[in-house]
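Q: Following this message is one structure expressed as structure tokens.
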Amino acid sequence: MALSALLLSVLAQGPGVAPAQATDLGAQLVVVEPIRLAVSPVLDGTLGEEEWDPFADGEQSKSFLQWEPGKIHVAGILPPLHDLVVSIDVKNDGWLKGKDNIEVRIRQEGDRAVLSSRLLDATGKEGPVWTELPSVVQASEAVAREGQGGVFYEASIADAGLGLFSPERGQRFGVRYDAFPSDASDVAAFLPRAMSVITLATQRSAGMPNGLTPAVQDDFQTVVPGENMRMRVTFRGSNTLQIRRLSLRSEGDVRDRTLSLSTPFMVFDNKGRAFFDYDTRVSVESPFGYRLMRASVLAGDGLEGLIQASYRIAPLVDFTLRTKSIKANEANQVARVTYRIRSNSVSRVVGGVAVDLPEGWRNLSGQDKGYLLYQKGQPIDRSIDVEIPGGTQGVFPIKLKSVLGDQVTDQTLWITVQ
């Protein structure tokens, strides 16, 4: 990650040295790779092998950025007494334009990280103004731990339900990282910020020999631990390229929980096509989240090309809210909340759901809602009637939990009352 010219100069001076000048928000970051892949990190304050996707490097700094649906994951190594500040231009139309620019600031307080967020509203006649974003704070997570030659920050940034920020495949954001001294004064809303454009993707390639074009079919698929997954890697080229070998495996903490193999490269057909199916069983102990499959080719000149593709290791079922918002009322009210259960398994799934409502809300329909799903991708809707105290407004969590044998699915969803 590029932490701005200021951070690089601070790191060069050594830990604990305060910057001699204000942060230069106009300095353009040098991004290693603008195509960012869907990968889920573990927020534990440690930098695991192949856990984070490097964003840009400095002489004494590293930073990282990746995503998954609904979240942007960020990390950075900073000197002590500095906060990590991430700026996101959601529409990628310029920092001082519109009402879609989000700032997230993470600071270290003892052994914990404190996250704050605000929105830059540049639509008013009086000029840009800051507005606090408690919904982003509610839905986001952050950790900070000393190590890696400084303070290592990790965070998952999400929006609880206002619809300001919902990362999806194919979106392009403007992004910026900075290191602010923890005791620095606030940054004026009217100051411009130089953004770097990123694309949220599910596959990318690098270093391929000239004339060889790779692609992965069935990327971004979902698999349950203990079941099988197949991804087809296709290549367009010719036998004159003299590609020697093809190697395939998963990255990170599922490397040893999935298949790794190396094989002589295939023969291209008369239409210049070659393909190989990465067919692997995913260990039942595999953790949930987005992971990467990588396929590397070894050319005749000894150079290696790489293609990576995202896939998801998922629980047996997922939950989504069908009822996104409820109209506020000054008096106590009863509202129907509908949620959807969707199977991720190729096998039949039978279970029940327990619902945990916000404090003060009352479930009028009973706790357990049973369901039976026969095939992967099959959805079923369930509804509960809830009593909501009068005067309730804001964004609130609804927790859904299903126990299926040894596996527990526990998700927090967000509903807006306005």
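Q: Using a 1.4 Å probe, what is the accessible area per residue for the chain, in Å²?
A: 46 Å²
Q: Moving on. Convert each backbone phi in the range 89-101 into a coupling constant with the Karplus relation 6.51 cos²θ - 1.76 cosθ + 1.60 (shift: θ = phi - 60°), then list the ³J(HN,Hα) values in order as whole Hz, x for Gly and Pro.
A: 9, 4, 8, 6, 10, x, 5, 9, 9, x, 10, 9, 9
Q: Select from Ser250, Ser296, Ser347 the residue whose mean-square fluctuation is largest in a Gaussian network model of the chain (Cα-Cα springs shorter than 10 Å).
A: Ser347
Q: Measuring from centroid to centroid over Cα atoms, what is the spacing of the range 165-216 and the range 330-374 in Å?
A: A separation of 37 Å, based on Cα centres.
Q: Applying 1/(1 + (r/R0)^6) with R0 = 60 Å to the Cβ-Cβ distance of Arg112 and Thr240, what FRET efficiency is obtained, to the nearest 0.05?
A: With a Förster radius of 60 Å, E is 0.55.
Q: Nothing charged except the Cβ atoms of Lys and Arg (+1) and of Asp and Glu (-1): what's the magnitude of the dipole of the chain about its Cα centre? Round to the nearest 20 debye.
A: That gives the chain a dipole magnitude of about 1560 debye.
Q: Counting pairs on different chains as well as pairs 8 or more places apart, how many Lys pairs in the chain have Cα atoms under 15 Å apart?
A: 6
Q: Separate question: Select from Trp67, Trp95, Trp130 the residue whose mean-square fluctuation is largest in a Gaussian network model of the chain (Cα-Cα springs shorter than 10 Å).
A: Its mean-square fluctuation being the largest, the pick is Trp130.
Q: Can you compute the label reach from Ile35? Point 7 Å from Cα along the Cβ direction, backbone N cut-off under 20 Å, restricted to the range 284-313.
A: 290-299, 303-312, by backbone N distance to the label point.
Q: What residues qualify as long-range amide H neighbours of Ile326, i.e. H under 5 Å apart, gap of 5 or more or another chain, H built at 1.01 Å from N?
A: Long-range HN contacts for Ile326: Thr416, Val417, Gln418.
Q: With r defined as the distance between the Cβ atoms of Asp57 and Glu330 and R0 fixed at 45 Å, what FRET efficiency is calculated, to the nearest 0.05?
A: 0.20
Q: Please report the carbon-and-sulfur percent of the accessible area for the range 136-204; probe 1.4 Å, protein heavy atoms only, DNA, RNA and ligands left out.
A: It is 48 percent, rounded to a whole number.
Q: Could you point to the residue in Ala189, Gly272, Thr234 farthest towards the positive end of the chain's charge dipole, with +1 and -1 charges on the Cβ of Lys/Arg and Asp/Glu respectively?
A: Looking along the dipole axis, the top candidate is Gly272.
Q: Three principal axis extents, largest first, for the C-alpha atoms of the chain, in Å?
A: Computed over the Cα atoms, the extents are 75, 63, 40 Å.
Q: Kirkwood Rh and Cα-based Rg: tell me the resulting Rg over Rh for the range 19-157, rounded to two decimals.
A: In the range 19-157, Rg relative to Rh is 0.96.
Q: Lys and Arg at +1, Asp and Glu at -1: add these up for the other residues within a Cβ distance under 11 Å of Lys399 and post the number.
A: My count for the surroundings of Lys399 gives -1.
Q: Can you show me the helix-derived [θ] at 222 nm for the chain, built from DSSP H runs with n ≥ 4 at -39,500 (n - 2.57) apiece and divided by the number of residues, rounded to the nearest 500.
A: -1000 deg cm²/dmol
Q: Shifting gears a bit: List every residue whose amide H lies under 5 Å from the amide H of Phe265, counting only residues 5 or more places away in sequence or on a different chain, with H placed 1.01 Å from N in the peptide plane.
A: So Phe265 has HN proximity to Arg245, Leu246.
Q: Would you kindly work out the equivalent ellipsoid of the range 277-362 from its C-alpha gyration tensor and give its semi-axes, the square roots of five times the eigenvalues, largest first in whole Å?
A: Three semi-axes, in Å: 45, 17, 10.
Q: What does the highest-first list of 268-279, 68-79, 309-320 look like by mean Cβ count within 10 Å?
A: In descending order of packing, they fall as 68-79, 309-320, 268-279.
Q: Where in the chain is the longest stretch that carries no GluC sites (Glu not before Pro) classed as loop by DSSP and with at most 11 other Cβ atoms within 10 Å?
A: Maximal segment without exposed cleavage sites: 169-284.
Q: What residues have an amide H closer than 5 Å to that of Phe55, excluding those fewer than 5 places away on the same chain, when H is modeled at 1.01 Å from N in the peptide plane?
A: Under 5 Å from the amide H of Phe55 lie the amide H atoms of Ser63, Phe64, Leu65, each far enough along the sequence or on another chain.
The values are calculated or read from the model by the stated rules, or taken from the named source; none is laboratory data. Please read these numbers as outputs of a predicted model, since none were measured by experiment. Note that each Cβ is placed from the backbone with ideal geometry, even for glycine, and that neighbours are counted across all protein chains shown. Side chains are part of the model used for accessible areas, which takes the heavy atoms of the whole protein and leaves out ligands, DNA and RNA. Shrake-Rupley method; radii C 1.70, N 1.55, O 1.52, S 1.80 Å.
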